[in-house]
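Visitor: Before I ask anything, let me first share the structure, which is written out below as structure tokens.
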Amino acid sequence: MMPGVQIADLAGGALWGATAILGALVGRHRTGVGAHLDISMTEGALALLSAELGNLDCGLRATRGTARLNGGFACYGIYRTKDDRYLAVGALEPKFWVALNQGVGRPPDIAELLSPPAGQTRIRAELAAIFASRTAAEWTQILAEHDCCVELVTELHELPDHPLHRAREVFFTVDGGAGVGPVQQVRTPLGTPRAPRPPPRHGEHTREVLAEYGFTDADIAAVA
């Protein structure tokens with residue numbers, strides 16, 4: 001599926017750009033010398049493939065749908081529930097694989113993690129049948145007792161009410177003013193303090209800005 005997120009723009013460009021700026025600021029503080037930053041979104045996106053690129057040195061080629069993280073391994077994938085919701089399974093490590101199988105009532109076998117393709121297909125089919133036997137709510141309750149790296153695939157509108165997001169106060173609202181009402185916001189992962197108000201509307205601070213530039217009240221009244 002298409003990821004639905006502009007990965008190269010956000011992770012390949014913006015995040016690496018911010019990282020480079022922070023590094024340059026540290027360098028300027030230490031040496032007094034500035035820096036020219038050349039950030040390539042292509043190279044930034046390639047950096048996200050570091051694990052797979054490293055596998056090339058071992059002679060491994062990540063064919064679509066057959067590599068460990070793109071659908072080839074039963075322990076790492078998406079499974080449909082009885083009520084047509086989905087569970088994301090990421091039980092890559094042996095302890096998580098054991099916990100997952102204990103949670104779903106399947107005999108745990110660590111060796112299955114490295115089963116050949118035919119074995120992975122069989123295991124995936126078994127897990128698919130098991131997950132399809134209960135609703136998402138039932139599995140969420142059952143697997144909450146097991147540390148097995150399984151989470152419900154949450155819809156966007158469900159995010160604000162997720163227990164983790166509520167506990168960490170990820171979502172909040174600001175006053176949008178008359179005719180707008182509350183405007184939902186999401187804080188950055190860095191925990192940036194909440195904005196006291198939304199961005200200004202067009203022309204909202206025209207008088208203040210012009211006054212700062214030295215315009216008189218009469219001048220402002222003539223143009224504002």
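Visitor: Can you tell me which residue is modelled with the lowest pLDDT among those in region 166-224 that are β-branched (Val, Ile, Thr) and in a loop (DSSP other than H, G, I, E, B)? First the steps, then the outcome.
Guide: Narrowing region 166-224 to residues β-branched (Val, Ile, Thr): 170, 173-174, 180, 183, 186, 188, 192, 206, 209, 216, 220, 223.
Filter once more, keeping what is in a loop (DSSP other than H, G, I, E, B): 170, 180, 188, 192, 216.
Working: Val170: 92, Val180: 79, Thr188: 85, Thr192: 71, Thr216: 93.
If we take residues in region 166-224 being β-branched (Val, Ile, Thr) and in a loop (DSSP other than H, G, I, E, B), then Thr192 is modelled with the lowest pLDDT.
Visitor: Given (1) in a helix (DSSP H, G or I); (2) over 21 Å from the mean Cα position of the chain (by Cα); (3) more than 16 Å from Val150 (Cβ to Cβ); (4) without any contact (Cβ under 8 Å) to a residue 12 or more places away in the chain, identify the lone condition not met by Ile21.
Guide: Here Ile21 clears every test but (4).
Visitor: Scan region 26-53 residue by residue and report those that are over 22 Å from Gly77 (Cα atoms) and exposed (fewer than 12 other Cβ atoms within 10 Å of the Cβ).
Guide: Passing the criteria: Val26, His29, Arg30, Thr31, Gly32, Val33, Gly34, His36, Asp38, Thr42.
Visitor: Let me ask another. Mind listing whichever residues of region 3-36 are of a type in the set (A, V, I, L, M) and either touching a strand residue (DSSP E or B) at 6+ places or on another chain (Cβ under 6 Å) or farther than 25 Å from Pro189 by Cα (or both)?
Guide: Step one: list which residues in region 3-36 are of a type in the set (A, V, I, L, M), which gives 5, 7-8, 10-11, 14-15, 18, 20-22, 24-26, 33, 35.
Val33, Ala35, listed by residue number.
Visitor: Something else now. In the set Gly90, Gly71, Gly59, which member is small (Gly, Ala, Ser), modelled with pLDDT of 95 or more, surrounded by fewer than 17 Cβ atoms within 10 Å (Cβ to Cβ) and farther than 15 Å from Ala111 by Cα?
Guide: Numbers: Gly71 fails: modelled with pLDDT of 95 or more; Gly59 fails: modelled with pLDDT of 95 or more.
The conditions single out Gly90.
Conditions tested, residue by residue: (1) loosely packed, with under 10 Cβ neighbours inside 10 Å; (2) within 30 Å of Ala74 (Cβ to Cβ); (3) over 24 Å from the mean Cα position of the chain (by Cα).
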{"site": "Ala132", "(1), (2), (3)": "no, yes, yes"}
{"site": "Thr135", "(1), (2), (3)": "no, yes, yes"}
{"site": "Val153", "(1), (2), (3)": "no, yes, no"}
{"site": "Pro160", "(1), (2), (3)": "no, no, no"}
{"site": "Pro163", "(1), (2), (3)": "yes, yes, no"}
{"site": "Gly179", "(1), (2), (3)": "yes, no, yes"}
{"site": "His205", "(1), (2), (3)": "no, no, yes"}
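Visitor: Within region 36-48, does at least one residue satisfy the condition of being over 28 Å from Ile7 (Cβ atoms) and of a type in the set (Asp, Glu)?
Guide: Step one: of region 36-48, the residues over 28 Å from Ile7 (Cβ atoms) are none.
No; the residues of region 36-48 include none that is over 28 Å from Ile7 (Cβ atoms) and of a type in the set (Asp, Glu).
The values are calculated or read from the model by the stated rules, or taken from the named source; none is laboratory data. The structure displayed is predicted, hence computed values, not measured ones. Positions of Cβ are generated from backbone atoms using ideal geometry, with glycine treated the same way; all protein chains shown enter the neighbour counts.
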